[in-house]
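Everything below concerns the one structure shown next.
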Amino acid sequence: MPDDHATFPKSGRPKPSLATRLSHAGRAGTHVHGFVNPPVHRGSTVLYPDMATRAAMGNARFEQAMVYGVLGGPTHHALEDVVAEIEGGTRCQIVSSGLAAVTTPLLAYLSAGDHCLMPDAVYGPARGFCDGLLARMGVETTYYDPCIGADALSALFRPNTKVLYTESPGSHTFEVQDVPALAAVAHARGAKVLMDNTWGIHFFQPFLHGVDVSIQALTKYVVGHSDVLLGSMTTNSVEDWEIVRGTTLALGQYASPDDCWLALRGARTMAVRMQRQMQSALTVARWLEGRHEVKQVLYPALPGAPGHEIWKRDFTGACSLFGVVFQPGYSEASVHGMTEALELFGMGASWGGFESLALPTSVTRTAGSGDFGGQLLRLHVGLEDPGDLIADLEAAFPRLQANSVP
């Protein structure tokens, strides 16, 4: 990391908590004259004092060097340092969206004739990318049950399997994968392990569990205000970072420095927001568990929920996104009616912001997973008072009953 960005620990002191590190990382420091936050650096052309400097920068294209605007500047580098701090990695690359953070490392490690393993619960646009562009490139994808064991996963590997992709928990149905066990299988066969860690964000430390490239939709909790699209790819080795960074540059992937600056601002309060939202989500989820209309709450942080034991082993907390499975007999139209009756929950496809969201959801599965026995609703709990959110849900439940199937 650059010397002008705060790093930890210093002076032999114990490493501060995440909240403290987020308040200080990616900025000049407390004993530097000037404004607290780094400025926005916009630009395309970079000027040099002499040709020797230009040559040095050109030779450092995989470092945080300023050569041309598309390679990034100080604002990008500050955010990259913060995200690496969050995930426990050494290098980070910022891109324009969460989907770009999914597709770029897949393109980095896969070529024509290769094989990729993807969890059946994977984010829909990632499935679309595999079935569309990767298939046209000659890359074959096999979808596996996200709760598969190491032995069964091993049987799916081929000599040309280059990537094992994980998403834990799944962002619609919240299956928790045994990432360390699956990663061990992949590494024994020379495959790279990619993980969408957006739900886990800092509650799951990917590089302590065998992940090679950690993917984040910074759009969610890092930005935190539902007004910026950004993605990140973090690695723990220079070799992996150079592969991902090189592919990013080859694709011309770029993120606006203004958006990076807004993400830096959001990151300062992320720890306290996520702690509050986790507690509120637990309150709402526990209340939903007691409703007779609800068959199951898909929230790994709840004792007894699917994946809870692995979550308890590998995670230090939970974000505020979870699913609800209704009892058999309620129709899709009934769930839609209940959702439309909510006043505090907006109907939207994103999550991680300050506002609560509700979204009826269906799943596309090809590996035999995902039979939940009832209609699905995904909830994101924001910063509203959880008592008010519960009252909103309670007022909307009669719409579900009125439209139930006999």
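For the range 61-79, does any single residue satisfy the condition of being in contact with a strand residue (DSSP E or B) (Cβ under 9 Å, 6 or more places away or on another chain), basic (Lys, Arg) and touching a residue at least 12 places away in the same chain (Cβ under 8 Å)?
Scanning the range 61-79 turns up no residue that is in contact with a strand residue (DSSP E or B) (Cβ under 9 Å, 6 or more places away or on another chain), basic (Lys, Arg) and touching a residue at least 12 places away in the same chain (Cβ under 8 Å).
So which residues in the range 308-352 are β-branched (Val, Ile, Thr) and either part of a strand (DSSP E or B) or touching a Lys or Arg at 6+ places or on another chain (Cβ under 8 Å) (or both)? So that I can check it myself, show each step before the final result.
Start the filter on the range 308-352 by keeping residues that are β-branched (Val, Ile, Thr), which leaves 310, 316, 324-325, 335, 339.
Correct list: Val324, Val325.
How many of the residues in the range 370-390 are in a loop (DSSP other than H, G, I, E, B) and either β-branched (Val, Ile, Thr) or buried (at least 19 other Cβ atoms within 10 Å of the Cβ) (or both)?
Start the filter on the range 370-390 by keeping residues that are in a loop (DSSP other than H, G, I, E, B), which leaves 370-375, 381-385.
Pick out the ones that are also either β-branched (Val, Ile, Thr) or buried (at least 19 other Cβ atoms within 10 Å of the Cβ) (or both) and you get 370, 375, 381-382.
Looking only at that region, the number is 4.
Return the total of residues in the range 12-29 being assigned to a loop (DSSP other than H, G, I, E, B) and either of a type in the set (Phe, Trp, Tyr) or under 23 Å from His76 (Cβ atoms) (or both). Give the derivation first.
Taking the range 12-29 first, the residues assigned to a loop (DSSP other than H, G, I, E, B) are 12-17, 25-29.
The next check asks that each one be either of a type in the set (Phe, Trp, Tyr) or under 23 Å from His76 (Cβ atoms) (or both); those that pass are 25-29.
So the answer is 5.
Looking at the structure I just gave you, is His172 assigned by TED's automatic domain parsing to the domain that holds Val95, farther than 20 Å from Gln93 by Cα, without any contact (Cβ under 8 Å) to a residue 24 or more places away in the chain and touching a strand residue (DSSP E or B) at 6+ places or on another chain (Cβ under 8 Å)? Let's see the steps before the verdict.
Values: assigned by TED's automatic domain parsing to the domain that holds Val95: yes; farther than 20 Å from Gln93 by Cα: yes; without any contact (Cβ under 8 Å) to a residue 24 or more places away in the chain: no; touching a strand residue (DSSP E or B) at 6+ places or on another chain (Cβ under 8 Å): yes.
Against the criterion (assigned by TED's automatic domain parsing to the domain that holds Val95, farther than 20 Å from Gln93 by Cα, without any contact (Cβ under 8 Å) to a residue 24 or more places away in the chain and touching a strand residue (DSSP E or B) at 6+ places or on another chain (Cβ under 8 Å)), His172 does not qualify.
Tell me, yes or no, whether the range 254-270 has at least one residue that is at pLDDT 95 or above and acidic (Asp, Glu).
yes
Starting from the range 243-264, take each residue that is within 16 Å of Thr75 (Cβ to Cβ) and aliphatic (A, V, I, L, M) and list its partners that are at pLDDT below 95 and surrounded by fewer than 24 Cβ atoms within 10 Å (Cβ to Cβ), counting only C-beta distances under 9 angstrom and pairs at least six apart or across chains.
Final answer for the pair search is Leu264/Arg27; Leu264/Asn37; Leu264/Pro38.
Quick check on my filter: what residues within the range 277-304 are under 21 Å from the mean Cα position of the chain (by Cα) and in a loop (DSSP other than H, G, I, E, B)?
Tyr299, Pro300, Ala301, Leu302
Does Ala367 meet the test of being part of a loop (DSSP other than H, G, I, E, B), farther than 30 Å from Thr269 by Cβ and outside the structural domain of Gly88 (by TED's automatic domain parsing)? Explain how you work it out, then say what you get.
Working: part of a loop (DSSP other than H, G, I, E, B): yes; farther than 30 Å from Thr269 by Cβ: yes; outside the structural domain of Gly88 (by TED's automatic domain parsing): yes.
Spelling it out, Ala367 is indeed part of a loop (DSSP other than H, G, I, E, B), farther than 30 Å from Thr269 by Cβ and outside the structural domain of Gly88 (by TED's automatic domain parsing).
Pull up the range 342-359, narrow it to residues that are surrounded by fewer than 17 Cβ atoms within 10 Å (Cβ to Cβ) and touching a helix residue (DSSP H, G or I) at 6+ places or on another chain (Cβ under 8 Å), then point me to the one that is nearest to Val324 (Cα to Cα).
If we take residues in the range 342-359 being surrounded by fewer than 17 Cβ atoms within 10 Å (Cβ to Cβ) and touching a helix residue (DSSP H, G or I) at 6+ places or on another chain (Cβ under 8 Å), then Met347 is nearest to Val324 (Cα to Cα).
Just checking, which of Arg273, Arg265 is outside any loop (DSSP other than H, G, I, E, B), surrounded by fewer than 16 Cβ atoms within 10 Å (Cβ to Cβ), out of contact with any Lys or Arg (no Cβ under 6 Å at 6 or more places or on another chain) and among the charged types (D, E, K, R)? Lay out the reasoning, then the answer.
Details: Arg273 fails: surrounded by fewer than 16 Cβ atoms within 10 Å (Cβ to Cβ).
Answer to the check: Arg265.
Mind listing just one residue for me: the one in the range 149-203 that is of a type in the set (Asp, Glu) and part of a strand (DSSP E or B) and, of those, surrounded by the fewest Cβ atoms within 10 Å (Cβ to Cβ)? Break it down into steps so the answer makes sense when it comes.
So the first thing to find is which residues in the range 149-203 are of a type in the set (Asp, Glu), and the list is 151, 167, 175, 178, 196.
Subsequent filtering for residues that are part of a strand (DSSP E or B) retains 167, 196.
Working: Glu167: 26, Asp196: 24.
Filtering first and then ranking leaves Asp196.
Need the failing condition index for Gly113 against (1) part of a loop (DSSP other than H, G, I, E, B); (2) touching a residue at least 40 places away in the same chain (Cβ under 8 Å); (3) at negative phi, just the number.
(3)
On the basis of being among the polar types (S, T, N, Q) and either part of a helix (DSSP H, G or I) or closer than 22 Å to Thr103 by Cβ (or both), does Ser226 make the cut?
Details: among the polar types (S, T, N, Q): yes; either part of a helix (DSSP H, G or I) or closer than 22 Å to Thr103 by Cβ (or both): no.
So Ser226 fails the test.
Conditions tested, residue by residue: (1) outside the structural domain of Pro146 (by TED's automatic domain parsing); (2) touching a residue at least 40 places away in the same chain (Cβ under 8 Å); (3) over 18 Å from Glu167 (Cβ atoms).
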{"residue": "His292", "(1), (2), (3)": "yes, no, yes"}
{"residue": "Gln296", "(1), (2), (3)": "yes, yes, yes"}
{"residue": "Tyr299", "(1), (2), (3)": "yes, yes, no"}
{"residue": "Leu302", "(1), (2), (3)": "yes, no, yes"}
{"residue": "Glu309", "(1), (2), (3)": "yes, no, yes"}
{"residue": "Thr316", "(1), (2), (3)": "yes, yes, yes"}
{"residue": "Gly323", "(1), (2), (3)": "yes, yes, no"}
{"residue": "Ser331", "(1), (2), (3)": "yes, yes, yes"}
{"residue": "Val335", "(1), (2), (3)": "yes, yes, yes"}
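The values are calculated or read from the model by the stated rules, or taken from the named source; none is laboratory data. All values reported here derive from a predicted model rather than from experimental measurement. Backbone-built Cβ (ideal geometry, glycine too); neighbour counts: all protein chains shown.
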